[in-house]
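As structure tokens, the structure follows; a few thoughts come after it.
The values are calculated or read from the model by the stated rules, or taken from the named source; none is laboratory data. Treat the numbers as computed from the prediction; the structure is a model and nothing was measured. Using ideal geometry, Cβ is built from the backbone for each residue, glycine included, and neighbour counts are taken over all protein chains shown. The accessibility values were calculated without ligands, DNA or RNA, using every heavy atom of the protein model including side chains. Shrake-Rupley method; radii C 1.70, N 1.55, O 1.52, S 1.80 Å.
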Amino acid sequence: MGFLSAAFFPNTPFTPVTALSMVHTENRLRELGITLPPAPKAAANYVPVQSSGDLLFLSGHLPMLEDGSLMTGSIGSVQNLDHGYAAARQCGLNLIATLQTELGGDLDRVEQIVKLFGIVQSSNDFHEQHKVLNGCSDLMKEVFGEERGLHARSAIGTNSLPLDISVEVEAIVRVKPLN
């Protein structure tokens, strides 16, 4: 609670804002039973992350599993919503792995997941792309908490994605500077 809240609710303990920001993200990953995959490498003429000031722009990440296989197929025709949700979650795990590599292992430097943009390979009669992208959004909120993990988002559908992948997600993330 902030200062004003503490003034109006005197029996409620005061928690300064600085304490809310002191999150130990790696411990949170362990609590959730999450092991991050290796950060994916660029597969063409681009970089996985580009920085500008305190913002990191993460290129589209694929639903690549640890064994290198991809989660593929069109949602709504070949695959179902559950597959799409899991594929979007896998994209999120790969995004976090890239962040961890870019930040020298210190995910506590993530100040805010600013925006996610997701593309879902889906059939023309599938209209729940937003529910597919919840796989990535839910993960960000679980890992970084509501304060840092809740973000703006766009989710669109398309009839085809490279390598027949089910989902691709890119992100914009604000980070704290090195001390």
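Accessible surface comparison of Glu146, Glu128, probe 1.4 Å, protein chains only, largest first: the order is Glu146, Glu128.
Using a probe radius of 1.4 angstrom, the carbon and sulfur fraction of the accessible surface of the range 48-174 is 48%. Its relative contact order, with pairs defined as Cα atoms under 8 Å and 6+ residues apart, puts the chain at 29 percent.
Simple point charges give the picture: +1 on the Cβ of Lys and Arg, -1 on the Cβ of Asp and Glu, and for the range 48-174 a dipole about the Cα centre of about 240 debye. The helix-based estimate of mean residue ellipticity at 222 nm for the chain, built from -39,500 (n - 2.57) per DSSP H run of four or more residues and divided by its residue count, is -10500 deg cm²/dmol to the nearest 500. With every protein chain in place and a 1.4 angstrom probe, the accessible-area ranking of His24, His61, largest first, reads His24, His61. Taking all protein chains as shown and a probe of 1.4 angstrom, Phe117 keeps an accessible surface of around 60 Å².
Only Cα pairs under 8 Å and at least 6 apart count here; give the relative contact order of the range 23-103 as a rounded whole percent.
Relative contact order, the range 23-103: 36 percent.
Summed over the residues of the chain and divided among them, the accessible surface reaches 54 Å² per residue at a probe radius of 1.4 Å. Partners of Lys176 within straight-line reach, counting lysines whose Cα lies under 25 Å from its Cα and excluding those fewer than 8 residues away in the same chain: Lys41, Lys115, Lys141. Once you keep just the Cα pairs under 8 angstrom separated by 6 or more residues, what percentage relative contact order results for the range 97-179? 47 percent. Model label sites at Glu147 and Leu70, defined 7 Å from Cα along the beta-carbon direction, differ in position by 3.9 nm. Overall, the range 79-119 carries a charge dipole of about 140 debye about its Cα centre when +1 sits on the Cβ of Lys and Arg and -1 on the Cβ of Asp and Glu, all other atoms neutral.
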